[in-house]
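*Asks:* Pasting a structure here, questions to come.
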Amino acid sequence: MMAAIIAVVVVILLIVWYVSIYNGFITTRNQVEESASQIDVQLQRRNDLIPNLVNTVKGYSKYEAGTLEKVTALRNQLAGMNMEDDPQKTMEVSNQLSGTLKSLFAVSEAYPDLKASAEYQKLMEELTNTENKIAYSRQLYNSCVRRFNEKLQAFPSNLVGKIHHFTQFEYLQVPAEARETPKVEF
Amino acid sequence: MLYQQINMNKRRTVYVVFGFCLLVALVGAAVGYWLAGSTVVGIIMALVIALIYVSVMIGQSTDVVMNMNHAHEIHSAAESPELWHVVEDMAMVAQVPMPRVFIIDDPSPNAFATGNDPEHSAVAATTGLMQMMNREELEGVMGHEITHVRNYDIRLQTIALALSAAISFLVNLVSNFWWLGGGRSDDDDDRGVNIFGMLASLLLIILAPLAAAIAQMALSRNREYLADAGSVELTRNPQGMISALRKLEHAEPMQQADPSSASLYITDPEENAKRHRWLDHLFDTHPPLEDRIARLEEM
């Protein structure tokens, strides 16, 4: 009798343990997916802003047609992609676009009229904001991925992971120049 | 690391609250001994007073705190795009809900956070902060505030503050009573004079407010270091935080800050740039900025 009770208690504890680990996997996986869609939202936002930017810059600087074309081309390429289908490739194109935009901003410094225009300043804030959000949501994605992968590797949660055929997520590569050290002013 | 820190903080909250309650009970016992000749009555009275203090201060709404600091709320990114967007970024990467955002019209750069849990939090920044800081520095400062929110620092701080207020209330009660010439005299003590008990309770009444203040400030300083580290964990950019703190080092004192909110701010709003001797540090709500910068530089 006593042995039976102990056996039942042990089985119940095992089930509770199993369920909590399984739910832990699901929660973390949802966080990974949520942060991926967060990145998609930001990419979309940037894509929406770019035509405006191109038009504004066009009006002030006649000589940057090449850079603008490149921005537009990358934008259009990115429009057909998303994080769910191919995260690595999407981020790669997104990084290229970030770089091109950065060089566009650098060239814009040479046009005082453009820099002074309220339209351009507003666009700059919006784009800076979106670029930052892309970087931060990528950081969030990577830390969620790390949490999920850790569960898959660590004992005993790896046993549960194996039973349900969970697979590891891949980290998103952070471009080397993405987080350059800022100037320190004294 | 992150979650360990949060759990450690929650555990520490329990210890601190327990320690403070013990101190409140001891002071209550001493006060009861002097006023009513009964330690039990004193303890009950003290705990009831402490409970009232804590519930009043925990219940104090964000709006009251913001009013006391002359802060006005902004409701959309359009009103202050950079601040709004930076707070949005930090909340996203810290995985807490977007807090309410307030602005204080004060040329001195400073910021604080309030709210008992991440669902009811608010952050405030001064106009001086927004003028003086570039985006990376602003990220550092707001990351610090969001870390306070995420770590439940504000609730811990509020409870500690309420309990030390309760202790000073009790001690004031006794000293007023002594002032009026009341208290226990030798002839109403039939059980014989307990010199040891008298001395011990006297000592307790004198030292308890001091102990409470020192403990509360030490706790507050510890939170600041943690929030600096947490901010860097969010922004991955120690340089931004360091240069923000360097700018705060030379700041003027604030005009709009409410003294009872001092420990909430990122730097002490009243004595921003003052230097202290070693002993004075015991009562500081914030560690010296040089030390905070030094710790960040080691990261």
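The values are calculated or read from the model by the stated rules, or taken from the named source; none is laboratory data. For clarity, every value in this text was computed on a predicted model and none was experimentally measured. No Cβ is skipped: glycine too gets one built from the backbone with ideal geometry, and neighbour counts run over all protein chains shown. Side chains included, ligands, DNA and RNA excluded: accessible areas come from the protein's heavy atoms. Shrake-Rupley method; radii C 1.70, N 1.55, O 1.52, S 1.80 Å.
*Asks:* Within region A:45-57, identify whether any single residue is in contact (Cβ under 8 Å) with a residue 60 or more places away in the chain, within 14 Å of another protein chain (Cβ to nearest Cβ), in contact with a helix residue (DSSP H, G or I) (Cβ under 6 Å, 6 or more places away or on another chain) and under 15 Å from residue A:145 (Cβ atoms), and answer yes or no.
*Replies:* no
*Asks:* Does residue B:91 qualify as being at pLDDT below 90, more than 20 Å from the chain's Cα centre (by Cα) and within 11 Å of chain A (Cβ to nearest Cβ)? Step through it out loud before you land on a result.
*Replies:* On the way: at pLDDT below 90: no; more than 20 Å from the chain's Cα centre (by Cα): yes; within 11 Å of chain A (Cβ to nearest Cβ): yes.
Here the answer is no, as residue B:91 does not meet what is asked.
*Asks:* Run down B:228, B:291 and say which single residue is buried (at least 22 other Cβ atoms within 10 Å of the Cβ), acidic (Asp, Glu), modelled with pLDDT of 80 or more and in a helix (DSSP H, G or I). Even if it seems obvious, please write down each step before you answer.
*Replies:* Numbers: B:291 fails: buried (at least 22 other Cβ atoms within 10 Å of the Cβ).
Going through B:228, B:291 in turn, the sole match is B:228.
*Asks:* At least 1 residues that are within 14 Å of chain B (Cβ to nearest Cβ), among the acidic types (Asp, Glu) and within 23 Å of residue B:81 (Cβ to Cβ) in each: list the helices (runs of 4 or more DSSP H) lying fully within region A:72-154 that qualify.
*Replies:* On the way: elements: A:87-108, A:112-116, A:118-153.
Once the helices (runs of 4 or more DSSP H) in region A:72-154 are filtered for at least 1 residues that are within 14 Å of chain B (Cβ to nearest Cβ), among the acidic types (Asp, Glu) and within 23 Å of residue B:81 (Cβ to Cβ), what remains is A:118-153.
*Asks:* Next up: Select from region B:231-254 the residues that are in a loop (DSSP other than H, G, I, E, B) and touching a Ser or Thr at 6+ places or on another chain (Cβ under 7 Å) and write down the one among them that is nearest to the other protein chains (Cβ to nearest Cβ). Even if it seems obvious, please write down each step before you answer.
*Replies:* Filtering region B:231-254 for residues in a loop (DSSP other than H, G, I, E, B) gives B:236-237, B:250-254.
After this cut, where a residue has to be touching a Ser or Thr at 6+ places or on another chain (Cβ under 7 Å) as well, the list is B:251-254.
Details: B:251: 15, B:252: 18, B:253: 22, B:254: 22 Å.
This residue is B:251.
*Asks:* Suppose we keep only residues that are touching a Ser or Thr at 6+ places or on another chain (Cβ under 7 Å) and open to solvent by 70 Å² or more (accessible area, probe 1.4 Å) within region A:106-127. Which one would you say is modelled with the highest pLDDT?
*Replies:* Step by step, filter region A:106-127, then rank; the result is A:119.
*Asks:* In the list B:53, B:33, which residue meets the criterion of being part of a helix (DSSP H, G or I) and open to solvent by 60 Å² or more (accessible area, probe 1.4 Å)?
*Replies:* Numbers: B:33 fails: open to solvent by 60 Å² or more (accessible area, probe 1.4 Å).
Of the residues listed, the single one that is part of a helix (DSSP H, G or I) and open to solvent by 60 Å² or more (accessible area, probe 1.4 Å) is B:53.
*Asks:* Here's a follow-up. Test each condition in (1) within 14 Å of chain B (Cβ to nearest Cβ); (2) in contact (Cβ under 8 Å) with a residue 40 or more places away in the chain; (3) among the hydroxyl-bearing types (Ser, Thr, Tyr) for residue A:157 and report the one that comes out false.
*Replies:* Only one criterion is unmet by residue A:157, namely (1).
*Asks:* Looking at region B:70-79, is at least one residue within 14 Å of another protein chain (Cβ to nearest Cβ), free of Cβ contacts under 8 Å to residues at least 24 places away in the same chain and crowded, with 17+ Cβ neighbours inside 10 Å?
*Replies:* yes
*Asks:* Limited to region B:156-177, what total is found for residues that are over 18 Å from residue B:25 (Cβ atoms) and at pLDDT 85 or above?
*Replies:* 0
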